[in-house]
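Just so it is clear, none of the values below were taken in a lab; they were calculated from the coordinates. Just so we're clear, the structure is a prediction, and the values are computed from it rather than from any experiment. Virtual Cβ from ideal backbone geometry, glycine too; neighbours counted across all protein chains shown.
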Amino acid sequence: MNGLRQFATVALLAGITQPLAGQEATTRLEDTGTEFIIEVGPVDIPVPMEMAGHDHAGIFPPIGTVTVPTDGYLYGFDYEVVDAQGNELPSNIVHHFNIIDPDNRELFLPISRRIMAAGSETGGQSMPWLLFGLPVTRGQQMVVSVMLHNPTGEEHLGAALRIRLKYTKTGRPWPFFSVYPYQVDVAFPAGDKGFDLPPGVSSKWYETSPAVAGRLMVMGSHFHELATKIVFEDVTENKVLWEGFPVEDEDGELAGVTIGRLYRKFGVKIVPEHTYRVTVFYDNTTGETIPDGGMGVVAGVFMPSRGQDWPTTDKSDPLYILDRNHYMRVVRGRYDLIKDGGGAVSETTMKMDADHEHTAATAHENR
Ligand SMILES: [Cu+2]
C-alpha cells in the first residue's frame with residue numbers, strides 16, 4: 001500500500017518536472033560547433049477564443065537575451081517549433097521573431113542593429129557561406145523577441161521555438177567577405193512598423209543616409225497584401241537602385257517578394273554623402289481604410305568599403321533609447337505617439353502585437 005502511494009508521489013513529482021501550463025518561458029543558447037541553437041520555451045499555445053474570422057491573438061514569450069559563446073561568422077538560420085515531447089509542430093505557429101544586437105548600430109540609423117527576423121511565411125534563409133559572413137564576437141549579446149500565434153486549431157502545451165543560427169568559426173580562409181545586415185523601413189526611425197492603409201493608390205516613404213560607404217550585396221523586402229512594389233533609390237542622383245515586387249501563388253495570394261542578389265554584379269555602391277529613399281506603394285481596392293494594413297521595409301546585407309570604421313553605438317542617443325524601449329516592450333505604438341513619451345506599456349496592452357517588424361530574412365526566393 002505504502003509502496004503504491006510512494007510510486008504515485010514519484011510519478012506526480014516526475015510530472016511536475018515536465019513543462020507545465022503557466023511556466024514562464026526562458027531563452028537559452030546552445031553551441032554545437034556549427035550552430036548556435038537559441039531555444040525559447042516552454043510556451044503554452046492555446047486555441048484562440050474565436051477561430052472563425054481573422055483572429056490574431058498573439059503569444060509573447062518574455063524578451064530574452066543570450067550571449068554569443070564563441071567568435072564566428074553567421075551565414076544562415078533555420079527554425080522549428082517543437083512540442084513538450086520534442087515532436088515538430090507546424091512552423092506557422094511562428095508569427096515572427098527578431099534577433100537584435102544592442103551593442104552595434106544600424107547602417108542607416110543610430111539604433112540597435114537588427115541581425116535577423118523571420119515571419120511565418122519565411123522558412124530558413126542562407127547566404128553563400130564561402131563568400132559572406134556576419135562577424136559575431138564572444139561575449140556579445142543578442143536580444144530575442146518572439147511572437148507566436150495558433151492557426152492550428154489545436155492546443156499545444158510546453159512548446160518551444162528553436163532558432164538555429166548557422167556559423168563558421170574564425171581562423172578559416174572563409175568567409176571571404178565580412179558583411180552586415182541593414183534595413184530601411186518606411187516607418188523608421190522607431191516604433192511600430194505597421195501603418196493604416198487608405199483606400200486607393202497610396203505610398204509611404206522614408207529618407208536617410210548610411211553611416212559608412214560600401215556596397216549593398218543583397219536586398220530583399222517585406223510588405224503586405226495589396227502592395228504593388230517597393231523602391232529603393234538614390235535621391236541625390238535621382239536614380240532607382242532596386243525595385244521589389246510581390247510574388248503571388250496560384251490563388252493570387254501574396255506568397256513572397258522578389259529578392260535582389262546584387263553581389264552577382266558585385267553590389268550597389270552607397271555613400272554617406274547621398275540621401276536614399278525607400279518607398280512602398282499600395283493599391284487598396286477594398287474601398288476602406290485597413291487599420292495597420294500597410295508595411296514596407298527593404299533589408300539585406302552590406303559590405304563596408306575598405307578602411308571604413310563602423311561608428312560605435314551611442315547608447316545615450318535619445319533615438320537609440322526610444323528604439324530600445326520599443327523592442328524591449330517598455331513602450332508601444334507608432335513613432336508619432338512614442339516620440340513624445342507616449343505609449344507606455346501596461347499589463348493589458350502588453351498582449352497586443354507591439355513589435356511587428358522584419359528584415360531581409362522575410363524575403364522570398366522568386367521562383
Ligand atoms: Cu509585416
For the chain, give the magnitude of the charge dipole about the Cα centre (Cβ charges: +1 Lys/Arg, -1 Asp/Glu; no others), in debye to the nearest 20. 1540
How big is the dipole moment of the stretch 186-324 about its Cα centre under a simple scheme where the beta carbon of each Lys and Arg is +1, that of each Asp and Glu is -1, and everything else is neutral? Debye, nearest 20, please. 900
Rounded to whole angstrom, the alpha-carbon centroid of the stretch 276-348 lies from that of the stretch 186-239 at a distance of 11
Please compute the length gained on full extension between GLU154 and GLU80, using 0.36 nm multiplied by the number of residues separating them and subtracting their Cα-Cα distance. 24.9 nm
Using 10 Å bins from zero, what percent of all Cα-Cα pairs in the chain falls into each bin? 5, 23, 33, 25, 9, 3, 2, 0, 0
Cα extents of the stretch 23-177 along the principal axes, largest first, in whole Å, come to 53, 36, 27
Which value in deg cm²/dmol, rounded to the nearest 500, describes the helix-derived mean residue ellipticity at 222 nm for the chain, given -39,500 (n - 2.57) per DSSP H run of n ≥ 4 and division by the residue count? -2500 deg cm²/dmol
A chain fully extended from VAL330 to GLU250 at 0.36 nm per residue, minus the present Cα-Cα distance, gains in nm 24.7 nm
Expressed in nanometres to one decimal, the distance between label points 7 Å along Cα→Cβ at ASP283 and LEU131 is 3.3
Using 0.36 nm times the number of residues separating THR228 and VAL201, minus their current alpha carbon distance, what extension gain do you get? 8.8 nm
Take the residue pairs LYS239/LYS265; LYS229/LYS269; LYS204/LYS239 and return only those whose Cα atoms are more than 20 Å apart. LYS229/LYS269
